[in-house]
Amino acid sequence: MRVCILGNGYMGSAFAFPLSDNGIEVNLWGTWLDREIVDSCKRGFHPKLKKPLPDRVSLYYSEELEEAVDGADFIAVAVTSEGFFPVFKRLVSVLEKPTPVICLTKGFVEYEGHVILPSKCAQNMLMKKFGGSNFMWCSVGGPVKAVELSRFIPTATVFGISDNSLIRVKDFFSTPYYRIVVTEDINGVELCSAFKNVYSIAVGICDGMYYVKYPDNYHNFRAMVFTQGVLELLRIVKALGCSPETAYGLGGVGDFHVTSSSGRNRLLGYKIGMGVEPEKAYREMLEEDLFPEGYNTLRLGLEFLKEYGVFSKVDFPLLVMLNRIIFGQINLKDAVEDFIINYTG
């Protein structure tokens, strides 16, 4: 079996480890932004994962996309949500037949004037080329940090599959340290994967506000914010007809727990909580080659919920607080106090 992975950053490259351990040949393709990573990997060291890639991995530059996808049984997309459309557009242009896609992208996509989920964008683009051919898709969620996966630290993940014909991905890709749970709730997995990045910023804000002064004594507020994030994840998936079990499981609470404990979105919130202006904090992280998906996902996620008519200030007070802080130019302290005073759970 051969899998082509599009995007050789953290997660795309980490995904190559369990695949290689299952005897799968991996073609790892770097985008036009990844040339330096490809160069480093060819010299024997991945600069983000801080280790060599498995021997079964073959490396490809941006201009070698056609060669990278040739003969692939699966194609994994592991780029940012902002890069999803341009990368998938290039992919569709070189595909000769429908091929199962594994999507590790988390967030929303702007497509033809609308904010939609990655699976819907991909389905539309593939149908334009191949007509009504079977849509073979897996959306990946769950608490998987790339560096930990590359170090073989045990984890479990959830794959949202388009139909039962893909149920065997669990057998193809699972290892003793990488366990896969399968669900048909693709939309639920994608929604939780996107919004948990947003809500993790809120937990990071708690850390930024109180960690320095009270390093071991601000857990009440942190628990309040985390619980509210879980409640709002649940409200989102239920309002959009998805399974509540997804929000309670690995793709929801599990992924939210990991992301709010560490990671780029939590770090963005920490900077904001320390008093750094939100856009400045975001730009500083980009300059450090750290991309906090939750920043743009907050804006797009609100548009998405409003378009589907499921957003209300009463049901999503934490989302409102974050939007006021990050895009509303409201004083951090005032926004947090309003959230607490008006809190009803």
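The values are calculated or read from the model by the stated rules, or taken from the named source; none is laboratory data. None of the values given here were measured: they were computed from a predicted structure. Because the Cβ atoms are built from the backbone with ideal geometry, glycine has one as well, and the counts that use them run over all protein chains shown. Each accessible area value is taken on the protein alone, full model and side chains, heavy atoms only, with ligands, DNA and RNA left out. Shrake-Rupley method; radii C 1.70, N 1.55, O 1.52, S 1.80 Å.
Length gain on complete extension for the stretch Glu287 to Asp39, per 0.36 nm per residue less the alpha carbon to alpha carbon distance? Walk me through the intermediate numbers first.
Working: separation 248, 0.36 × 248 = 89.28 nm, distance 2.03 nm.
Result for the pair: 87.3 nm of gain on full extension.
Projecting the Cα positions of Gly208, Pro278, Thr80 onto the charge dipole of the chain (unit charges on Cβ atoms of Lys, Arg, Asp and Glu, taken about the Cα centre) puts Gly208 furthest along the positive direction.
Where nothing but the Cβ of Lys and Arg (+1) and of Asp and Glu (-1) is charged, how large is the charge dipole of the chain around its Cα centre, in debye to the nearest 20? All intermediate terms of the calculation are to be shown ahead of the outcome.
Numbers: 35 positive and 40 negative charges, 87 e Å.
Roughly 420 debye, rounded to the nearest 20.
Dipole check for the range 187-345: with +1 at the C-beta of Lys and Arg, -1 at the C-beta of Asp and Glu, and the Cα centre as origin, the magnitude is about 260 Debye.
Prolate is the label for the chain, because the ratio a/c of its alpha-carbon gyration tensor axes (a ≥ b ≥ c) is 1.5 or higher and a/b is greater than b/c. GNM on the chain, alpha-carbon springs under 10 angstrom: the most fluctuating residue among Val69, Val212, Val94 is Val212.
Find the accessible area per residue for the range 8-58; the probe is 1.4 Å, ligands and nucleic acids are left out, and the unit is Å².
Working: 2230 Å² over 51 residues.
Result: 44 Å² per residue.
Here the Karplus curve 6.51 cos²θ - 1.76 cosθ + 1.60, taken at θ = phi - 60°, turns the phi angles of the range 182-190 into couplings of 10, 9, 9, 8, 4, 4, x, 4, 5 Hz, with x standing for Gly and Pro. For the range 229-322, the set of trypsin sites (Lys or Arg not before Pro) satisfying both a DSSP loop assignment and a count of at most 15 other C-beta atoms within 10 Å is given as Lys313.
Protein heavy-atom surface of the range 24-122, 1.4 angstrom probe: 47% of the accessible area is carbon and sulfur, with nucleic acids and ligands not counted. Annotation note: GluC sites (Glu not before Pro) in the range 250-345 located in DSSP loop regions with a Cβ neighbour count of at most 10 within 10 Å are Glu288.
Would the range 188-345 count as rounded, prolate or oblate if I go by the C-alpha gyration tensor, calling it rounded below 1.5 in a/c and otherwise prolate when a/b exceeds b/c, oblate otherwise? It would help to have the intermediate numbers written out before the result.
Working: a/c = 1.41, a/b = 1.35, b/c = 1.05.
Rounded, since a/c falls under 1.5.
Between helix 294-307 and the chain there is an angle of about 80 degrees, using the helix long axis and the longest principal axis of the Cα atoms. Only one residue of Tyr308, Leu322, Leu332 has its Cα farthest out toward the positive end of the dipole of the range 245-345, where Lys and Arg carry +1 and Asp and Glu -1 on Cβ, and that residue is Leu332.
Positive end of the dipole of the chain (Cβ unit charges, origin at the Cα centre): among Ser62, Gly30, Leu267, the Cα lying farthest that way belongs to Leu267.
Summing Lys and Arg as +1 and Asp and Glu as -1 over all other residues whose Cβ lies under 10 Å from the Cβ of Gly160 gives a net charge of -3.
Summing Cβ point charges (Lys, Arg +1; Asp, Glu -1) relative to the Cα centre of the range 27-92 gives a dipole of roughly 380 debye.
Between Gly275, Gly294, Gly328, the Gaussian network model of the chain with springs among Cα atoms under 10 angstrom shows the greatest mean-square fluctuation at Gly328.
In deg cm²/dmol, rounded to 500, what helix-only [θ] at 222 nm does the chain give when every DSSP H run of at least 4 residues adds -39500 (n - 2.57) and the total is split over its residues?
-15000 deg cm²/dmol
Note on Asp315: accessible area is roughly 70 Å² with a 1.4 Å probe, heavy atoms of protein only.
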